[in-house]
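Read the structure below first, then the notes.
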Amino acid sequence: VGSLLLAGVELAAPVIAALFLTDLALAAAARLAPQTNAFMLGLPMKLLVTLALLSAVVTIFPGMVQQTMQAMTQGMTDVLRAFHS
C-alpha cells in the first residue's frame with residue numbers, strides 16, 4: 001500500500017506544485033487589481049493548467065508514466081489479493 005501511495009504522489013506532485021503557483025498568481029492578481037473577480041477566473045485557470053500539465057507529462061515522459069501505472073496496477077493487485085486470502 002505504501003508503494004502504491006508513493007507512486008500516486010510522484011505522479012501528482014508536478015500538478016500540485018503547478019496549482020500552488022497558479023493560486024499564488026491569482027492572489028497577486030487579486031491584490032493588484034481588486035476590481036477583478038479572482039474566484040471567477042480561478043476555476044477555469046486551474047483547470048486549464050492542470051490539463052495542460054498532465055498532457056505535457058504524459059507526452060514528454062511516456063516511459064515514466066507507463067512504469068508508474070504498472071507499479072500502481074501491481075500494487076493494487078497485491079492489495080486485492082491480500083484481501084481475498
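Numbers for the structure displayed
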item: Qualifying positions in region 22-78 - open to solvent by less than 90 Å² (accessible area, probe 1.4 Å) and among the polar types (S, T, N, Q); result: Thr22, Thr36, Asn37, Thr50, Ser55, Thr68, Thr73, Thr77
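For (1) part of a helix (DSSP H, G or I); (2) aliphatic (A, V, I, L, M); (3) touching a residue at least 24 places away in the same chain (Cβ under 8 Å), each residue gets a yes or a no:
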{"position": "Gly8", "(1), (2), (3)": "yes, no, yes"}
{"position": "Ala13", "(1), (2), (3)": "yes, yes, no"}
{"position": "Phe20", "(1), (2), (3)": "yes, no, no"}
{"position": "Leu43", "(1), (2), (3)": "yes, yes, no"}
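The values are calculated or read from the model by the stated rules, or taken from the named source; none is laboratory data. Note that the coordinates shown come from a computational prediction; the quantities given were computed from them, not determined experimentally. Using ideal geometry, Cβ is built from the backbone for each residue, glycine included, and neighbour counts are taken over all protein chains shown. In case anyone asks, the SASA skips ligands and DNA or RNA and just uses the protein heavy atoms, side chains included. Shrake-Rupley method; radii C 1.70, N 1.55, O 1.52, S 1.80 Å.
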